[in-house]
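The values are calculated or read from the model by the stated rules, or taken from the named source; none is laboratory data. What you see is a predicted model, and the numbers here were worked out from it, not measured in a lab. Cβ placement follows ideal geometry from the backbone for every residue including glycine, while neighbour counts extend to all protein chains displayed. Calculation scope for accessible area: heavy atoms of the full protein, side chains included, ligands and nucleic acids excluded. Shrake-Rupley method; radii C 1.70, N 1.55, O 1.52, S 1.80 Å.
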Amino acid sequence: MQIENLHWHDYLLLASFIGSIAGLWLINSNKPTQVNENEETERSLFLMIFTYWIVYCLADFSQKLQLPDWDVLLMSLQITAAISYFLTVCCVMILPLHRFSLQQVAK
């Protein structure tokens, strides 16, 4: 088992992986006792963003491993990385849309 040479993108991905773990820790450590439905929705969206990004980082790093004759595993890692990336993007797009809809309802 060998790891290919790491490039600047991989180091940036590693930093964002560590940042996502820190984000999950911060969200779970500052959990208020009473929250309304809107705050809980935003908290859930942030949890999903960080969790999906961690899954993407792990799938991407796992693809760097050179395993002999594991084409099925490599294909499933690529599919997992693609799905988790798209889910992350969707959650990032939903968060401001949710806030915008709350402002429209308040008017």
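Observations, loosely collected:
- Residues (of a type outside the set (A, V, I, L, M) and either free of Cβ contacts under 8 Å to residues at least 40 places away in the same chain or open to solvent by less than 60 Å² (accessible area, probe 1.4 Å) (or both)) located in the stretch 1-21: Asn5, His7, Trp8, His9, Asp10, Tyr11, Ser16, Phe17, Gly19, Ser20
- Scanning the stretch 80-95 for residues that are free of Cβ contacts under 8 Å to residues at least 12 places away in the same chain and open to solvent by less than 80 Å² (accessible area, probe 1.4 Å) returns Ala82, Val89, Cys90.
- Flag: Asn38 matches the condition of being assigned to a helix (DSSP H, G or I) and touching a residue at least 24 places away in the same chain (Cβ under 8 Å).
- The numbered conditions (1) in contact with a Ser or Thr (Cβ under 8 Å, 6 or more places away or on another chain); (2) touching a residue at least 60 places away in the same chain (Cβ under 8 Å) are all true for Leu77 except (2).
- Residue-level check: of (1) under 30 Å from Leu97 (Cβ atoms); (2) modelled with pLDDT of 90 or more; (3) open to solvent by less than 100 Å² (accessible area, probe 1.4 Å), Ser76 misses just (1).
- In the stretch 22-63, residue least open to solvent (accessible area, probe 1.4 Å) [restricted to those that are of a type in the set (Phe, Trp, Tyr) and out of contact with any helix residue (DSSP H, G or I) (no Cβ under 6 Å at 6 or more places or on another chain)]: Phe61
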